[in-house]
Amino acid sequence: MNPVDIAEPMHSRWSPSVFDDAHQLTDAEITRLLEAAQWAPSSGNRQPWRYVVAPRGSAAHAVLVPHLSRGNSGWVPRASVVFLSAVVLGTDGDELKDLLIPAHDVGQASAHLTLQAEAMGLKAHQFGGFDHAAVAAGLGLPDDARLIAGIAVGVRGNPADVPERDAERDHRVRDRRPLADTVYDDRWGHAWPGLAPSGPATAPAERS
Ligand SMILES: Cc1cc2nc3c(=O)[nH]c(=O)nc-3n(C[C@H](O)[C@H](O)[C@H](O)COP(=O)(O)O)c2cc1C
């Protein structure tokens, strides 16, 4: 149960670290998730996102897994599929264009994918902890593409099947900075005075 009154599937979304390593997604389900990303808005409709699809056991999965950070190496490989997001940069002559807006667009597409997963009864957990250069080399990324993040998708598994460290993460209290520290009026850093009282910025440990 999350504290704030926001719409589904944002309300129920959270990032689990215990996935069921027997669950598989069909190609149709994976395609549906990618369609959610495909229909995200983007600057100039340039759609600078690319996704590498790495179902558990696939060749792309085998490229990624050895390069996961220690903290991610236990839980990420158990997910049914990992999507690796990448941005493709346009060029200005020989110069690669600025990353800011394209990276924003990829993040937004990944948010759509993540929320589509939640709406399909799945769970998603994004991660940046992997050796980007090694994975990019292993996947043959061209010079104008940059890997950004992974999105592990699947269904929740049994906490008893994973190391204590991963099981424990799913019971950490989720928290957020208060809106007043984030939302400003015409003076940077000065809270927008229209903020209505909102729910607590922490969520209790028990979650669906
Ligand atoms: C770009 C990005 C990178 C992240 N990297 C990691 C990571 O390497 N390992 C991890 O366990 N979680 C990672 N996370 C998940 C965040 O820690 C998590 O979203 C945050 O703590 C908020 O929790 P919630 O998603 O349950 O609301 C990442 C999330 C994003 C969006």
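The values are calculated or read from the model by the stated rules, or taken from the named source; none is laboratory data. These numbers come from a predicted model, not from an experiment. Please note: Cβ atoms are built from the backbone with ideal geometry, for glycine as well, and neighbour counts cover all protein chains shown. Surface accessibility is based on the protein's heavy atoms, side chains included, excluding ligands, DNA and RNA. Shrake-Rupley method; radii C 1.70, N 1.55, O 1.52, S 1.80 Å.
Data for the structure
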{"item": "Residue in the range 22-29 that is within 16 Å of the ligand (Cβ to nearest atom) and modelled with pLDDT of 95 or more present", "result": "no"}
{"item": "Residues satisfying the stated conditions in the range 130-167, i.e. in a loop (DSSP other than H, G, I, E, B), open to solvent by 60 Å² or more (accessible area, probe 1.4 Å) and in contact (Cβ under 8 Å) with a residue 60 or more places away in the chain", "result": "D131, N158, P163"}
{"item": "Strands (runs of 3 or more DSSP E) wholly inside the range 43-128 containing at least 3 residues that are over 20 Å from G157 (Cα atoms) and open to solvent by 40 Å² or more (accessible area, probe 1.4 Å)", "result": "49-55"}
{"item": "Residue that is nearest to the chain's Cα centre (by Cα) [pool: residues in the range 65-111 that are farther than 27 Å from R165 by Cα and within 12 Å of the ligand (Cβ to nearest atom)]", "result": "G107"}
{"item": "Number of the condition not met by V18 [criteria: (1) farther than 14 Å from I151 by Cβ; (2) touching a strand residue (DSSP E or B) at 6+ places or on another chain (Cβ under 7 Å); (3) free of Cβ contacts under 8 Å to residues at least 60 places away in the same chain; (4) of a type outside the set (F, W, Y)]", "result": "(3)"}
{"item": "The range 168-198, residues that are among the small types (G, A, S) and outside any strand (DSSP E or B)", "result": "A180, G189, G194, A196, S198"}
